[in-house]
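Structure first, commentary second.
Coordinate-derived values only; no laboratory data. On a predicted model such as this, the values are computed, not experimentally measured, just so you know. Glycine also receives a Cβ, built like all others from the backbone with ideal geometry; neighbour counts cover every protein chain displayed.
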């Protein structure tokens, strides 16, 4: 027992040294100069850790239902990527950041996929050596911290909104991935973790294009697959390790969560602006008394062909040089080429807006507003992000 405890302490110490080393290199060393050498050193360390981990014994040698869990995980990952790439037909695609050169692909497979494979192997070994909750929590935290990109993280700390974006798009999804990988490791061993992490890493390296999602939607997808994997694997684990009646199995079947997941996806799509309408939190008093600061308005999207439906008195949602504006139309004009132009003004302003609104600036028309419920977004945007205008939720 003391030997096993010593092994765990040794791994904690080594992993902490790796973490501190990565932070030191990021902060005090010029990354562009030492990047390649750093990657080689890190790979050598993980190869050594993998070799050392091989003789470590698990508390048990069999994982019940492991094959079913592996199949379920692979199916979920495949379905996830099919849906993920099909959505690119709506939002468009962008090129992969990884080189398409054959030798660079091999290099990335070694450095990215190979590194993840070794990390998850070590994760599975040390977590199953002494099956204690403190070990699960400790190693999950360590592996999350090791996998974070600190070079990018330190770059964004100069801007409040970028800090929030980094935490929401990188840190939180990485925590979700780390938690689900740790759960897969203790419920199915190394192969079960590989069924999730390896295909994801291979897709990242080999696929030449990705859907052009913004950071918000991409983070939602990353968190969603972690949640789904946990629900289904937890279900498989429960029915294999616990005696349950058919009725009890139906109660915990994750299929019962599909309506909630679909509702959540609809809410996400609504907030992200994929639906014909989107919510916007107001941060100024320019439209008092119609609606005030803290209200949420629903902006219905409009194409240029629909602009002729707008009339004086409608509330227009449009883009300007200083951001997005929601003001009332006070007149409609045409230029010499027959292009429609809108003059707008806030209900609480004494003068019209300085510039006429052109068709390409129009985002939508406000059809509904709800007072007060946008105050959390207003407070967060001002106090955390330092924004001074209204925001989309």
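Across the alpha-carbon set of region 301-362, the Rg to Rh ratio works out to 0.93, Rh being the Kirkwood radius. Panel order for 317, 237, 308, by other beta carbons found within 10 Å of each beta carbon, from fewest to most: 308, 237, 317. One chain, two ends: residue 93 and residue 367. Fully extended at 0.36 nm per residue, the span grows by 95.5 nm beyond their Cα-Cα distance.
On the beta carbon distance between residue 84 and residue 167, with R0 = 35 Å, the FRET formula returns roughly 0.95. Legend: P(r) of region 277-392 from all alpha carbon pair distances, 10 Å bins from 0, whole percents, reading 14, 47, 31, 7, 1. The label point for residue 339 and the one for residue 308, both projected 7 Å from the Cα toward the Cβ, are 1.8 nm apart. Extension gain for residue 212 to residue 288 (0.36 nm times residue separation, less C-alpha to C-alpha distance): 23.6 nm.
Computed from the C-beta positions of residue 71 and residue 320, the FRET efficiency with R₀ = 45 Å rounds to 0.25.
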